[in-house]
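The values are calculated or read from the model by the stated rules, or taken from the named source; none is laboratory data. Since the model is a prediction, treat every value here as computed from it, not as a measurement. Here the Cβ positions follow ideal geometry from the backbone for every residue, glycine too, while neighbour counts run over all protein chains shown. All accessible areas refer to the heavy atoms of the entire protein, side chains included, with ligands and DNA or RNA removed. Shrake-Rupley method; radii C 1.70, N 1.55, O 1.52, S 1.80 Å.
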Amino acid sequence: MDTQTSGFVRACSLDELKAKGRLVVHGRHPPILLVYDQGRVFALDNRCPHMGFPLERGSVADGILTCHWHHARFDLASGCTFDLWADDVPTCPVEVREPGEVWVKPVFGHADPAGHWRRRLQEGLAHSLDLVIAKAVRGQLAAGVPASEIIRQVALFGFRNRDGWGAGLTILTAFGNLLPELPEEETYLALFHGARRVAADCEGQPPRRGRTPLASQPDLAMLKRWLRHWTKVRHREAAERTLLTAIAGGTSPAALADLLVSAATDRVYADGGHLLDFINKACECLDLIGWEHASAVLPSVVGQLVSAQGAEEATAWRHPIDLVALCEQAAQEIRGLPVGVDGGEPWSEHARV
């Protein structure tokens, strides 16, 4: 390279490029692959976006560049891939100037990096492409996007594209809770693994069908009675509209949590305890992304809320000894115990044999 003007750098002569078909331009930037095909000149990053194989060793036919390592194929003009698992190849501006010289502008960046990688993250999540998700998360962090914002993007994708809470959302929320304690290099891994699990949960699943709140605004006590009733009779649509009505009425986060927990605990140890865990994680997720998203997040637990089986419905809990009755008696006794321990001494009776 030599003679730089307006950000462009002279790369080679057009005759030299025509004779060789392709050339690699080196400098203080990533290697640039120049290709002459069908009377046009193209400039792309020489590294295959899949695993970094040098694209100069690939083949060109009919405007398509093929990487010979994993057979990923790319449109020469745009760098866009025909194989989504490979991701797109970055391109850079190229000009042919008189007298027959090829100039390139060695810039692979984007005018709006945060916006670009936000869109790529949505595409990666939609197609469950780990490579695209990984690059999009890294790209957003490099562009200064807060980790909490990336959590919000992934979580809202999960709530829109899966009808119900999934393990991926639990993992994402757990990682979100850990972010303040993680070093910078592990923050990226936490975000990536949380995002890829959400994408895997949503792949092939029907999206959530949105429902609307009631046009009236009953008081909170009535809404609580209704939600417990609809849960008992397993009426999902009614339960969800009741919950959405409470959210639309400006109910506080604590009251919304109480609304759900009250309905969930009417059945003993419902769904083996998983239901309470999911409700808890949904509330933690809202603490991370903002309670203004309650109408998108909390309905995700309603399906399990109304379908969960309680221990009182299982014969093993009723025969030969009624364990439910024993649990209810113990719960009453616990409510009568004093809160806290005088003197500040830790309780260690459980350690005695």
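The modelled label-to-label distance between residue 212 and residue 252, using points 7 Å beyond Cα along the C-beta direction, is 3.0 nm.
Backbone geometry of the range 18-28 corresponds, through the Karplus equation with coefficients 6.51, -1.76 and 1.60 at θ = phi - 60°, to 3J(HN,Hα) couplings of 4, 5, 8, x, 7, 9, 10, 9, 10, x, 7 Hz, x marking Gly and Pro. Result for the chain in a Gaussian network model with C-alpha springs under 10 Å: among 336, 250, 176, the largest mean-square fluctuation is at 336. Under 5 Å between amide hydrogens, built in the peptide plane, is the criterion, and for residue 9 it picks out 104, 105 among residues at least 5 positions away or on other chains.
Note on residue 281: accessible area approximately 30 square angstrom, rounded to 10, probe 1.4 Å, nucleic acids and ligands left out. Close amide H contacts of residue 46 (hydrogens built in the peptide plane, cut-off under 5 Å, sequence separation of 5 or more or a different chain): 32, 33. Around the amide H of residue 37, modelled in the peptide plane, lie the amide H atoms of 42, all under 5 Å away and 5 or more residues distant in sequence or on another chain.
With r defined as the distance between the Cβ atoms of residue 28 and residue 68 and R0 fixed at 30 Å, what FRET efficiency is calculated, to the nearest 0.05? Show your work: numbers first, answer last.
On the way: r = 28 Å, r/R0 = 0.93.
In this case the efficiency is close to 0.60.
Which one, 300, 252, 216, has the greatest fluctuation when you compute a Gaussian network model over the chain with C-alpha springs under 10 angstrom? Maximum fluctuation in the GNM of the chain, among the listed residues, is at 216. Rolled with a 1.4 Å probe across the full set of protein chains, the surface gives residue 162 an accessible area near 60 Å².
The accessible area of residue 291, taken with all protein chains in place and a 1.4 Å probe, comes to roughly 60 Å².
R0 = 22 Å: FRET efficiency of residue 156 with residue 112, Cβ-based, nearest 0.05?
Values: r = 20 Å, r/R0 = 0.92.
After rounding, the FRET efficiency stands at 0.65.
Between residue 321 and residue 262, what FRET efficiency comes out of the Förster formula 1/(1 + (r/R0)^6) with R0 = 30 Å and r the beta carbon distance, rounded to 0.05?
Working: r = 28 Å, r/R0 = 0.92.
With R0 = 30 Å, the Cβ-Cβ based efficiency is 0.60.
Which whole-number percentage describes the relative contact order of the range 139-285, with Cα contacts under 8 Å and a sequence gap of 6 or more? Let's see the in-between values first.
Details: 136 pairs, mean separation 32.5, N = 147.
Over the range 139-285, the number comes to 22 percent.
Tell me, what is the Rg over Rh of the range 1-116, with Rh the Kirkwood radius over Cα pairs?
Numbers: Rg = 13.8 Å, Rh = 14.4 Å.
That ratio equals 0.96.
For the range 145-220, the relative contact order is 42 percent, taking Cα pairs closer than 8 Å that sit 6 or more residues apart in sequence and dividing their mean separation by the residue count.
Calculated mean residue ellipticity, 222 nm, the chain: -14000 deg cm²/dmol, from DSSP H runs (n ≥ 4) at -39500 (n - 2.57) each, averaged per residue and rounded to 500. A simple rule links phi to the HN-Hα coupling: the Karplus curve 6.51 cos²θ - 1.76 cosθ + 1.60 with θ = phi - 60°, which for the range 204-219 gives x, 8, x, x, 6, 8, x, 10, 10, x, 5, 6, 8, 9, x, 6 Hz, with x for Gly and Pro. For the range 271-282, putting each phi into the Karplus relation 6.51 cos²θ - 1.76 cosθ + 1.60 with θ = phi - 60° gives couplings of 6, x, x, 5, 4, 4, 5, 5, 4, 4, 5, 4 Hz, in residue order, rounded to whole numbers and with x for Gly and Pro.
Could you state the number of Å between the C-alpha centres of the range 272-289 and the range 164-217? Cα centroid to Cα centroid, the span is 11 Å.
Each principal axis of the Cα cloud of the chain was taken in turn, and the coordinate range along them, longest first, works out to 93, 53, 40 Å.
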